[in-house]
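The structure under discussion appears below in the form of structure tokens.
The values are calculated or read from the model by the stated rules, or taken from the named source; none is laboratory data. No experiment lies behind these values; they were computed from the predicted model shown. All Cβ positions, even for glycine, are placed from backbone atoms using ideal geometry, and neighbour counts span all protein chains on display. In case anyone asks, the SASA skips ligands and DNA or RNA and just uses the protein heavy atoms, side chains included. Shrake-Rupley method; radii C 1.70, N 1.55, O 1.52, S 1.80 Å.
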Amino acid sequence: MSLVDESFELKELQVLEGHADRVWSVAWKPATGFDGVPAVLASCSGDKTVRVWEQSPSSGSFQCKAVLEETHTRTVRSCAWSPSGKLLATASFDATTAVWEHVGDDYECVSTLEGHENEVKSISWNASGSLLATCGRDKSVWIWEVLPGNEFECVSVLQGHTQDVKMVQWHPNMDILFSCSYDNTIKVWAEDGDDDWHCVQTLAEANNGHTSTVWALSFNATGDKMATCSDDLTLKIWGSDLLTIQSGNGSAPWKHICTLSGYHDRTIFSVHWSREGIIASGAADDAIRLFAEDGDGLVDEPKYHLLLKKDKAHDMDVNSVQWSSAGNRLLASASDDGTIKIWELISLAGDQKPPL
């Protein structure tokens, strides 16, 4: 039975409070939340701090284990764990990116990356943890090489967007970088044989792209599909040939598959694809929506259906939604209301789907 044939409930497990301003982003720590390892979640906020939350093995509730402060002097906009979980990178409106290491019971800032002219909006580690990408209001994307001793060297500054770059995201399996922007486009960046990075494709309105600011993007588990979300109130699904991608050809073209519209009535800020294949979206309408591919769809024209809608998920804008990578159907959401919520997607017994 496919996901779209099941009935689900998004159950609120816990509200995490402690931030003194809007919460911009959340990130689950890799390799936590299963095999007896407690789940760990990072959150970042307009209050200039980052909080690290850990789930209690006994009670199942999350508690704040660390507050990372006195490093950033302005809003912390984005946070991301390295693939090994050893490092946490945080991007701030103070134009810096900080890298933290878990030492004993605390987190130490082991490196500060400078170079962006103003606000850093997003950060992303590649699959091996050897590269870190940052982007910002200065319209640029920076690629940093991770060196021994927690040193970072900028190996490329990518200029191509004409406006504020909202998000960077590495492909889950390949060293191909994606960026989305206030200029309504998504750009695909790849390295050539001379170690130079360049834009190999631009997804724009002309090829069924977005008509307004693109806020976020996310890949499915295999990396042959991508979801994007926008100020134009739509989610778009894109596809690429996996074999061509795996051959190392960064120019494998991405093509528009379908557009999901009519599900949010204000800007969609966040989209995240679970390993199981469920797409979550969070928006300025305070709501969360979940989608899945219809198993009956054609191979070259898959269709996506609304699985569940959660109105009033928060009291204000939902800025970030993120599935746990542990495969336990836990979803974290962050909001302008200053809270993080932990949700569990529960499959309901019975064959009858409730009306949406």
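Side notes on the structure shown:
- Among the listed values (1) 20.3; (2) 17.3; (3) 29.3, the one matching mean projected area of the Cα convex hull in nm² as calculated from this structure is (2).
- Of the residues GLY36, GLY60, GLY295, the one that moves most in a GNM of the chain with alpha-carbon contacts below 10 Å is GLY36.
- Whole-Hz Karplus values for region 190-202 come out as 9, 9, 8, x, 9, 6, 9, 9, 8, 7, 9, 6, 10 Hz, taken residue by residue from phi with 6.51 cos²θ - 1.76 cosθ + 1.60 and θ = phi - 60°; glycine and proline positions read x.
- Under a 5 Å amide H cut-off, with hydrogens placed 1.01 Å from N, GLY136 pairs with LYS121, VAL165 among residues at least 5 apart or on other chains.
- Using θ = phi - 60° in the Karplus curve 6.51 cos²θ - 1.76 cosθ + 1.60, the 3J(HN,Hα) couplings for region 326-336 round to 6, x, 9, 6, 8, 10, 10, 10, 10, 9, 4 Hz; x is entered for Gly and Pro.
- With 0.36 nm allotted per residue and the present C-alpha distance subtracted, the ASP195-ALA31 stretch has 55.9 nm of extension available.
- On the principal axes of its alpha-carbon atoms, region 273-332 has extents of 39, 26, 14 Å, going from largest to smallest.
- The 3J(HN,Hα) values that the Karplus relation (6.51, -1.76, 1.60; θ = phi - 60°) gives for region 23-33 are, in residue order, 9, 8, 8, 10, 8, 7, 6, x, 6, 10, x Hz. Gly and Pro appear as x.
- Distance-filtered residues of region 1-40 - backbone nitrogen under 19 Å, label point 7 angstrom along SER61 Cα→Cβ: 11-19, 38-40
- Per residue, the chain exposes 42 Å² of solvent-accessible protein surface, assessed with a 1.4 angstrom probe and all protein chains in place.
- The length gained on full extension between GLU276 and ASP21, counted as 0.36 nm times the residue separation minus their Cα-Cα distance, comes to 88.6 nm.
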